[in-house]
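Undergrad: First, the structure itself, so that you have it in front of you.
Every read-out reported here was derived from the displayed coordinates using simple, explicitly stated rules and does not represent laboratory data. Note that this is a predicted model, so its numbers are computed, not measured. Using ideal geometry, Cβ is built from the backbone for each residue, glycine included, and neighbour counts are taken over all protein chains shown.
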Amino acid sequence: MLIFYMSILDNDEQRNLFEERYDKYYPDCLRFANKILSNSNLAEDAVHEAFLGIIDKRDKYLALPINDFRNLILTMTRYKAIDILRKETKVKTDPINDELFVSISDDEQEVEELVLKRISIEEMGKYIEQIDETSKQILYMRYLHNMSYKEIGENLNMAIKTVEVRIARAKKKVRDLIRKEGDML
């Protein structure tokens with residue numbers, strides 16, 4: 001793949017700089033993407049997409065100091081891996097995992113449980129797609145990929161407590177959207 005990248009670059013200086021950084025950071029990026037995706041082929045795809053992003057804006061990105069470049073390529077790899085993860089986890093049509101909504105208050109719980117049991121994951125996806133990216137990402141990681149709070153925290157560079165709070169907030173956002181639509185019916 002390196003040969004393909006090199007053919008896109010404009011001059012020998014860019015080729016040398018890119019090759020040096022590719023050789024240095026490719027293994028780290030691959031490990032990082034594999035940690036998110038748990039699939040070496042998909043991880044490779046994420047890393048290649050990240051390096052293609054570098055080439056697209058080569059004048060800007062190759063001029064960065066080495067530490068800034070490292071942060072950039074790891075961030076790009078992370079986002080590319082998350083994009084792939086989203087594409088790979090198309091919403092299924094199985095009944096929803098009730099665990100997603102355990103924190104409903106007691107007086108509303110019975111009615112909402114009946115409603116939630118009728119909602120398929122496909123329908124739930126409609127609500128999840130309406131919330132912010134970070135919340136959406138955390139819910140998918142937790143409930144579709146069964147990742148622990150610790151794993152999510154490591155992948156998103158968050159403390160475990162932050163992950164717990166974000167999950168609770170994301171579930172509340174989805175519940176609120178369901179309630180809002182229920183009020184409109």
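Undergrad: Among SER135, SER148, rank each residue by its count of other Cβ atoms within 10 Å, from fewest to most, as a rough exposure measure.
TA: In increasing order of surrounding Cβ atoms, one gets SER148, SER135.
Undergrad: Would you list ILE55, ILE178 from fewest to most Cβ contacts within 10 Å?
TA: Ranking ILE55, ILE178 by Cβ neighbours within 10 Å, fewest first, gives ILE55, ILE178.
Undergrad: In whole percent, what relative contact order does the range 19-88 give with Cα contacts below 8 Å and a gap of six or more residues?
TA: Once divided by the residue count of the range 19-88, the mean separation gives 41 percent.
Undergrad: Another question, if that's okay. Which order do ASP59, ASP83 fall in if you start with the one that has the fewest other Cβ atoms within 10 Å?
TA: Placing the least packed residue first, the sequence is ASP59, ASP83.
Undergrad: As a quick test, which of the pairs LYS80/LYS173; LYS150/LYS180; LYS35/LYS136; LYS80/LYS171 have an alpha carbon distance above 21 angstrom in this structure?
TA: Violating the 21 Å limit, Cα to Cα: LYS80/LYS173; LYS150/LYS180; LYS80/LYS171.
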